[in-house]
Amino acid sequence: MYLYNKKLIKEFLQDKNNLKKVTKVYISDSIKNQSYIKDIIYNLKQNNIPVHILNSNSFKKKFNFLNHQLIVLEYFDFIYSKLNEIEENINKVRLPIIVLGYKIKDPRNLGALMRVCYAFDIAGILIPTENACPVNETVIQTSRNSKIKIHRFHSITKITNHFVLKKYNIILLDKNGEYKLHKLNYDFILPKSLVILGGESGVPKEIIKNINNLKTVSIEILNVESLNLTNAAAIFLYHFFSKK
């Protein structure tokens with residue numbers, strides 16, 4: 001869904017509850033230096049909302065179906081959760097796990113992951129604000145309206161460091177992981193864990209090497225090189241779900 005009237009966009013953003021609904025904002029570079037646009041951009045970035053500055057031709061081509069004013073706000077009525085809401089949920093669920101989905105770009109993959117995580121009753125999912133699919137209508141439809149808490153973050157380094165300081169286990173699913181999933185007991189995820197899943201392109205090595213106290217876990221499989229993220233998540237979560 002879109003807003004493309006300057007006045008309506010300004011009024012929409014003044015309501016803090018609406019900020020949770022914004023997926024991204026597109027702005028033509030022809031107006032990016034106007035003072036009120038600078039204020040909007042600052043407000044959006046303070047709230048970890050992606051801002052895309054497009055050249056005039058690209059903007060007009062992308063939104064030729066709208067009677068826009070060189071700014072378009074894309075929003076959805078899904079309400080993202082605050083990070084502390086997910087952290088507080090960790091002691092109320094079956095598995096004390098938060099899943100971080102790194103740069104999942106396919107909405108069907110994100111929707112399927114939401115459904116799996118909801119099925120095994122974890123605390124929530126973290127997704128980045130940039131180069132990743134937001135929660136949209138396709139995601140919701142694929143998830144079958146799974147009521148899982150989702151938080152968007154800006155920096156994977158900051159978010160992982162946050163959980164290291166909070167004494168979480170930081171776990172990465174990796175086909176070459178040090179720990180074999182089938183050999184792990186339930187205690188492995190205690191007292192609480194952040195589990196990182198790579199999107200369609202995985203998690204870059206330069207990011208992995210900067211994560212402190214990282215544990216890597218592999219799932220032994222036959223006949224195929226690797227599993228997609230949803231299958232891997234389902235197997236991982238079921239393993240511990242069944243051991244509690």
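The values are calculated or read from the model by the stated rules, or taken from the named source; none is laboratory data. What you see is a predicted model; the values in this text were computed from it and never measured. A quick note on method: Cβ atoms are made from the backbone with ideal geometry, for glycine too, and the neighbour counts reach across all protein chains shown.
Of everything listed in (1) under 28 Å from VAL51 (Cβ atoms); (2) out of contact with any Leu (no Cβ under 8 Å at 6 or more places or on another chain); (3) among the aromatic types (Phe, Trp, Tyr), the single unmet condition for TYR102 is (2).
For the range 2-10, the criterion of being surrounded by fewer than 17 Cβ atoms within 10 Å (Cβ to Cβ), under 25 Å from LYS82 (Cα atoms) and modelled with pLDDT of 95 or more is met by none of the residues. With respect to the conditions (1) touching a Leu at 6+ places or on another chain (Cβ under 8 Å); (2) surrounded by 20 or more Cβ atoms within 10 Å (Cβ to Cβ), ILE71 falls short on a single one, namely (1). The number of residues in the range 94-112 being closer than 15 Å to LEU194 by Cα and surrounded by 18 or more Cβ atoms within 10 Å (Cβ to Cβ) comes to 8.
When the criteria are applied in full, VAL93 fails the requirement of being within 21 Å of SER242 (Cβ to Cβ), assigned by TED's automatic domain parsing to the domain that holds ALA234 and touching a Cys at 6+ places or on another chain (Cβ under 6 Å).
Within the set of pairs 6 or more residues apart or between chains, which connect a residue that is in contact (Cβ under 8 Å) with a residue 12 or more places away in the chain inside the range 6-17 to a residue that is outside any helix (DSSP H, G or I) with Cβ atoms less than 7 Å apart? Between residues of the range 6-17 that are in contact (Cβ under 8 Å) with a residue 12 or more places away in the chain and residues that are outside any helix (DSSP H, G or I), the close pairs are LYS6/GLN69; LYS6/ILE71; ILE9/LEU3; ILE9/ILE71; ILE9/LEU73; PHE12/LEU3; PHE12/LEU73. Candidates in the range 18-53 are the residues that are in contact with a strand residue (DSSP E or B) (Cβ under 6 Å, 6 or more places away or on another chain) and free of Cβ contacts under 8 Å to residues at least 40 places away in the same chain; of these, the one that is surrounded by the most Cβ atoms within 10 Å (Cβ to Cβ) is LEU44.
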